[in-house]
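What follows is a set of notes on a single structure, which appears directly below.
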Amino acid sequence: MPSQDAQQPGRENLRAVAVGRNNWGVVGSEMGGRTAAVLYSIAGTCKHLTIDPWAHLRKALPGLVALGEEPTTEQLRDWLPDRWLLNRTRDRPTANSATQKSP
């Protein structure tokens, strides 16, 4: 049987769901509920990927607005937390590339 420490992450997740259940009952409307579900999902994915959810949203929300009225599916996917992290780390220069001189 696993130790109680090994079960702790699961318990924390269940606690968040139980506490949130009361809050989710007052979202105001069906559209509000959908919006809350999307934001909770994005925040949860960010936490799982060890991304600061606020850092992601500070970049993603203006980026999504800049896509205009009819963005493609691929344009939207680029702002999902996993793709955003991949693109961010790919675009960031590494310490080695900054110190290397070009021929």
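Rule-based calculations on the coordinates, nothing more; no lab input. Note that the structure is predicted; figures quoted are calculated from it, not measured. Cβ coordinates were reconstructed from backbone atoms using ideal geometry, including for glycine residues, and neighbour counts include every protein chain displayed.
Some points to look at:
- Residues E69, E30, ranked from the fewest to the most other C-beta atoms within 10 Å, line up as E69, E30.
- Residues L76, L57 in ascending order of nearby Cβ atoms (within 10 Å, fewest first): L76, L57.
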